[in-house]
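> The following block contains the structure, expressed as structure tokens.
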Amino acid sequence: MHRHVTSAIVILLAVTSGASLAADWPMFRGSPDLKGISPDTPPTAPALLWTFDAGDAILSSAVIVGNTLVVAAESGNVYALDPKIGTERWHFKTEGTIESSPLILDSHLYVGDSVGNLYKHKLANGSNVWTYAAGDQILGAINWNKPNATNGTHILFGSYDYSLHCVDSMTGSNVWRYATDNFINGAPAISDGVAVVGGCDGMLHVVDMNTGTARHSVVIGNYIAGSPVISDGQAYVGHYDNGVVCADIVAGKQLWSYNKSKQPFFATPVLTPTLAIVGGRDRSVIALDRKSGELRWTFRTNGRVDSSPVLIGKHVLIGSEDGFLYLLNAADGKKAWSYEVGEGITASPSIANGVIYVGNHKGTLFAFGEKIAP
């Protein structure tokens with residue numbers, strides 16, 4: 001195989017004190033509400049543990065459950081790796097290219113491609129179980145929901161066929177399809193019986209998970225290219241008109257709008273109890289007051305920030321197209337640590353069992369964690 005692992009610095013990991021073996025990261029942002037909050041404690045001094053060459057740009061998040069890590073390259077190659085040392089176990093290739101972050105659920109892997117295919121594969125060996133065909137490309141991450149004890153598990157994703165799709169995980173058949181008036185580029189966030197998804201129709205759609213019908217359609221007024229995050233009955237999402245919006249998804253109305261940036265927002269915010277933190281294409285990471293939308297701090301990078309931040313302890317982890325991975329203090333935005341990965345980062349970082357994983361545009365997956373002293 002032409003893929004390789006950099007072995008000179010492959011080390012056994014010391015799991016940080018706050019981590020447990022159950023601290024998986026099975027999907028984009030870690031959970032269906034897309035909160036992006038890790039239960040782990042960040043490494044006290046993050047060190048590079050290993051790298052893996054995927055052969056093409058990595059634009060989506062790595063996903064980890066137990067002793068299996070899966071990462072997808074833009075070329076359509078999907079790799080299963082050992083998360084401790086980065087060695088390959090198996091791989092398969094999709095028909096189209098991949099920007100969509102995969103999902104690991106119930107010992108299976110789900111991933112979408114640019115042709116519009118949603119694939120279900122066995123996590124143990126990578127063999128295909130079924131393939132579902134949407135009408136156009138799937139660029140946003142794959143999500144899931146279990147509506148009740150009798151209806152099984154549903155897989156959700158948006159497509160450029162103007163639709164939010166709900167698919168039965170066992171059969172690969174369509175459960176329902178919610179139509180919008182334009183492309184869906186991001187992923188749906190799921191919480192409290194609803195899926196919330198932004199569209200290029202300028203609407204934030206709040207969809208009933210059982211019926212696939214709209215509870216609310218909140219007018220945003222411009223393309224929503226990214227994915228929302230849900231917390232406490234509210235959704236936070238950036239949009240193409242250089243702003244970030246907070247919406248009440250129970251009442252179906254905007255609560256506030258921040259519009260002082262000079263470039264669009266493609267990333268998903270991460271939330272602390274008081275702040276909504278997100279990167280933008282103006283090369284900045286900003287923190288907004290969750291109640292008022294007022295700007296609280298700004299951190300400047302040297303590239304666009306489409307990478308969605310992750311909260312780990314009291315720090316925010318985020319990548320930039322300037323080729324750096326940053327660890328910032330969530331309270332004030334001051335840099336605590338950074339690492340240059342050599343090429344731009346669009347993917348959102350993933351954290352499992354005290355280890356940080358992120359891919360770059362060159363196609364290198366990096367693993368950072370505590371380094372055991374010799």
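> Mind checking which residues of region 188-198 are part of a strand (DSSP E or B) and within 20 Å of P147 (Cβ to Cβ)?
A189, I190, S191, V194, A195, V196, V197
> Which condition from (1) polar (S, T, N, Q); (2) on the phi > 0 side of the Ramachandran plot; (3) buried (at least 18 other Cβ atoms within 10 Å of the Cβ) is the one that S61 breaks?
(2)
> So which residues in region 128-166 are in a loop (DSSP other than H, G, I, E, B), touching a His at 6+ places or on another chain (Cβ under 8 Å) and either of a type in the set (V, I, T) or free of Cβ contacts under 8 Å to residues at least 12 places away in the same chain (or both), if there are any at all?
Across region 128-166, the qualifying residue is only K146.
> Mind checking which strands (runs of 3 or more DSSP E) fall wholly inside region 18-76 and carry at least 2 residues that are over 13 Å from the mean Cα position of the chain (by Cα) and in contact (Cβ under 8 Å) with a residue 24 or more places away in the chain?
In region 18-76, the matching strands (runs of 3 or more DSSP E) lie at 47-53, 68-72.
> Which one of these is out of contact with any strand residue (DSSP E or B) (no Cβ under 6 Å at 6 or more places or on another chain) and surrounded by fewer than 21 Cβ atoms within 10 Å (Cβ to Cβ): G202, G212, G280? Before you say what the answer is, go through the steps one by one.
Details: G212 fails: out of contact with any strand residue (DSSP E or B) (no Cβ under 6 Å at 6 or more places or on another chain); G280 fails: surrounded by fewer than 21 Cβ atoms within 10 Å (Cβ to Cβ).
Only one candidate passes the filter, namely G202.
> Provide a single number: the residues in region 37-55 that are of a type outside the set (G, A, S), surrounded by fewer than 17 Cβ atoms within 10 Å (Cβ to Cβ) and touching an Asp or Glu at 6+ places or on another chain (Cβ under 9 Å).
Qualifying residue count, region 37-55: 1.
> Kindly establish whether E343 is under 20 Å from C246 (Cα atoms) and among the charged types (D, E, K, R).
no
> Those residues that are surrounded by fewer than 23 Cβ atoms within 10 Å (Cβ to Cβ) and either aliphatic (A, V, I, L, M) or not in a loop (DSSP other than H, G, I, E, B) (or both), I need them from region 167-187; list them, please.
D168, M170, N174, V175, W176, R177, Y178, A179
> Inside region 323-374, can you point out the residues that are within 19 Å of the chain's Cα centre (by Cα), part of a strand (DSSP E or B) and farther than 18 Å from G86 by Cα?
Correct list: F324, L325, Y326, L327, L328.
> Also, I was wondering about something else. Within region 105-127, count every residue that is in a strand (DSSP E or B) and either under 24 Å from Y178 (Cα atoms) or without any contact (Cβ under 8 Å) to a residue 24 or more places away in the chain (or both).
Qualifying residue count for the region: 10.
> Sticking with this structure for a sec: Which is touching a strand residue (DSSP E or B) at 6+ places or on another chain (Cβ under 6 Å), in contact (Cβ under 8 Å) with a residue 24 or more places away in the chain and of a type in the set (S, T, Y), of T298, T272?
Of the residues listed, the single one that is touching a strand residue (DSSP E or B) at 6+ places or on another chain (Cβ under 6 Å), in contact (Cβ under 8 Å) with a residue 24 or more places away in the chain and of a type in the set (S, T, Y) is T298.
> Right, another one. Which ones in region 265-312 are over 18 Å from the mean Cα position of the chain (by Cα) and assigned to a loop (DSSP other than H, G, I, E, B)?
P273, T274, D282, R283, R290, K291, S292, G293, E294, T301, N302, G303
> Still on this structure: So, in region 87-144, of the ones that are within 17 Å of the chain's Cα centre (by Cα) and aromatic (F, W, Y), which residue ends up surrounded by the most Cβ atoms within 10 Å (Cβ to Cβ)?
Here the answer is Y110.
> Would you call S348 crowded, with 22+ Cβ neighbours inside 10 Å, farther than 14 Å from F366 by Cα and at pLDDT 95 or above?
no
> For region 8-58, which positions are β-branched (V, I, T) and either out of contact with any strand residue (DSSP E or B) (no Cβ under 7 Å at 6 or more places or on another chain) or at pLDDT below 85 (or both)?
Matches in region 8-58: I9, V10, I11, V15, T16, T41, T44.
> Please go through region 297-316 and pick out each residue that is small (G, A, S) and either more than 24 Å from D40 (Cα to Cα) or surrounded by fewer than 21 Cβ atoms within 10 Å (Cβ to Cβ) (or both).
Across region 297-316, the qualifying residues are G303, G313.
> Could you list, in sequence order, the residues of region 224-233 that are more than 15 Å from the chain's Cα centre (by Cα) and touching a residue at least 40 places away in the same chain (Cβ under 8 Å)?
If the condition is that a residue be more than 15 Å from the chain's Cα centre (by Cα) and touching a residue at least 40 places away in the same chain (Cβ under 8 Å), then S231, G233 are the ones that fit.
The values are calculated or read from the model by the stated rules, or taken from the named source; none is laboratory data. Quantities reported herein were computed from a predicted structural model and do not represent experimental measurements. Note: ideal-geometry Cβ built from the backbone for every residue, glycine included; neighbour counts use all protein chains shown.
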